[in-house]
1. Is it true that some residue in region 101-116 is among the acidic types (Asp, Glu) and away from the ligand (no atom under 16 Å from the Cβ)?
2. Quick one: in region 88-98, which of the residues that are open to solvent by less than 40 Å² (accessible area, probe 1.4 Å) and in contact (Cβ under 8 Å) with a residue 60 or more places away in the chain is farthest from the chain's Cα centre (by Cα)?
3. Of the residues 47, 66, 40, 73, only one is within 16 Å of the ligand (Cβ to nearest atom) and open to solvent by 50 Å² or more (accessible area, probe 1.4 Å); which?
4. Among the residues of region 303-315, write down those that are more than 7 Å from the ligand (Cβ to nearest atom) and either of a type outside the set (A, V, I, L, M) or buried (at least 23 other Cβ atoms within 10 Å of the Cβ) (or both).
5. Report whether or not residue 81 is farther than 25 Å from residue 141 by Cβ and surrounded by 13 or more Cβ atoms within 10 Å (Cβ to Cβ).
6. Kindly provide the set of residues from region 382-412 that are assigned to a loop (DSSP other than H, G, I, E, B) and more than 45 Å from the chain's Cα centre (by Cα), ordered by number.
7. Between 234, 291, which is free of Cβ contacts under 8 Å to residues at least 60 places away in the same chain and either within 16 Å of the ligand (Cβ to nearest atom) or β-branched (Val, Ile, Thr) (or both)?
8. Could you count how many residues in region 161-194 are of a type in the set (D, E, K, R), under 30 Å from residue 146 (Cβ atoms) and surrounded by 16 or more Cβ atoms within 10 Å (Cβ to Cβ)?
Amino acid sequence: MSHPIQSVRGMNDGLPDTVETWQAFESIVRDWLRRYGYRELRTPILEHTGLFKRAIGEVTDIVEKEMYTFVDELNGETLTLRPEGTASAVRAAIQHNLLYDGGKRLWYTGPMFRHERPQKGRYRQFHQVGVEALGFGGPDVDAELIVMCADLWRALGIAPTLQLNTLGDAEARQRHRAKLIAHYEQHLDLLDEDGRRRLHSNPLRILDSKNPAMASINDAAPRLMDELGDESRVHFEGVQALLTANGVSFEINPRLVRGLDYYNRTVFEWVTDQLGAQGTVCAGGRYDGLVEQLGGKPAPAAGFAMGIERLLALMETAGAVPEAAGPDVYIVHAGEQAAAHAWRVAAAMRAAGLAVVMHAGGGSFKSQMKKADTSRARYAVIIGDDEAVSGDVTLKSLRVGTEQVRVDPARAIELLK
Ligand code: HAM
């Protein structure tokens, strides 16, 4: 036998048990988004590489090291598997002039691709639910986005904590940048390779370094918070007041800068200590410059994305993952006449909305009943020669007791429902 081919490293199969858990999660999420008035957007998984370079920033981990980029040999275009969804959402909004009559509340879900080193909670193909509020500039929308997250955590039975910061406006970041460069220049010997390379191109990214050796020099770095202009300060205070008024507690983390360049003002991360190193389950913030930067009419915007794998892992540690449901019925049957009757019964039950698995492959009643048990069905419907003649079925609970009843199929459907 030849060597079996495995899936690509860092890219996971979703096996049926897991998929059913995901579907339960997705239905909670869809309902939650509907209740907040967000509408779904679906964009392609492939985009022009330039979109991500422009949106996320040339000097970021994602663009420098993590993108799956290739040349389409059929026409020479350079394309990238999307590493995130914000750039695509903004591109689509500009391309289709979605903001012509005011702000839009949008969401999306699907796979994202980053060539990171795989570990628990970090994959090369992972999945996000992303939410983008385009065209709204006030602190009320920042607060809405955060409050709705808190609402979802309650529905999912988890309790991550909220870290909040503000990156101010362009002028504040310019002032901060100058101070940061001066700070790091005094400690050149302590900078790692990335840090030295980014010192003059994107010093804010040094602050975001995951390298523990950089922690002390980053702790001593000048804080953006100290450079805030009045408008950004008032905006940030507005967000905090709304969060407090709506019962959402938060911790201000002046070191929180996010790994993508498009942010300004409010940034936030929902974090947990239950998942080891990959503890951020949801993250986002305001990105008022991005629409214009990608060629649209200037429009403010804010949003966030959550990692589905991480959220489900957190739900698991909280014992909040619902057990996947089996079918309603497993039909066992033996004999030609019984099989014909079984097909009719199955069709009637399915038409009535029941989930019915029909035994395939023959075998004794005993071996078929074993299959019925492992299927996790609620009931077995047993059809032998007697039932085939009378047109009845025997209904046997596989969960409680061993009692069985012999009834006609219509009655069986009533009982099952
Ligand atoms: P991000 O922080 O890069 O932001 O990703 C958001 C979330 O996606 C993370 O907090 C994490 O839960 C999950 N995630 C990221 N990378 C991986 C990975 N390799 N494996 C598993 N999960 C991962 C964004 O993507 C922004 N687009 C969020 C946003 C939307 N900001 C404004 N609007």
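1. Step one: of region 101-116, the residues among the acidic types (Asp, Glu) are 101, 116.
Narrowing further to those that are away from the ligand (no atom under 16 Å from the Cβ): 101.
Within region 101-116 (the criterion being among the acidic types (Asp, Glu) and away from the ligand (no atom under 16 Å from the Cβ)), the answer is yes, since at least one residue qualifies.
2. Among those residues, the one meeting the criterion is 93.
3. Within the list 47, 66, 40, 73, the selection yields 40.
4. If we filter region 303-315 for residues that are more than 7 Å from the ligand (Cβ to nearest atom), which is where we start, we get 308, 311-315.
Passing the criteria: 311, 314.
5. It is true that residue 81 is farther than 25 Å from residue 141 by Cβ and surrounded by 13 or more Cβ atoms within 10 Å (Cβ to Cβ).
6. Here is the first cut: in region 382-412, the ones assigned to a loop (DSSP other than H, G, I, E, B) are 384, 391-392, 398-403, 408.
Correct list: 384, 391, 392, 408.
7. Numbers: 291 fails: free of Cβ contacts under 8 Å to residues at least 60 places away in the same chain.
Sole residue among the options that is free of Cβ contacts under 8 Å to residues at least 60 places away in the same chain and either within 16 Å of the ligand (Cβ to nearest atom) or β-branched (Val, Ile, Thr) (or both): 234.
8. Result for region 161-194: 5.
The values are calculated or read from the model by the stated rules, or taken from the named source; none is laboratory data. Everything numeric in this text was worked out from a predicted model, so none of it was measured. When we count neighbours, we look across all protein chains shown, and the Cβ atoms used for this are built from the backbone with ideal geometry, even at glycine. These accessible areas exclude ligands, DNA and RNA; they are computed on the full protein's heavy atoms, side chains included. Shrake-Rupley method; radii C 1.70, N 1.55, O 1.52, S 1.80 Å.
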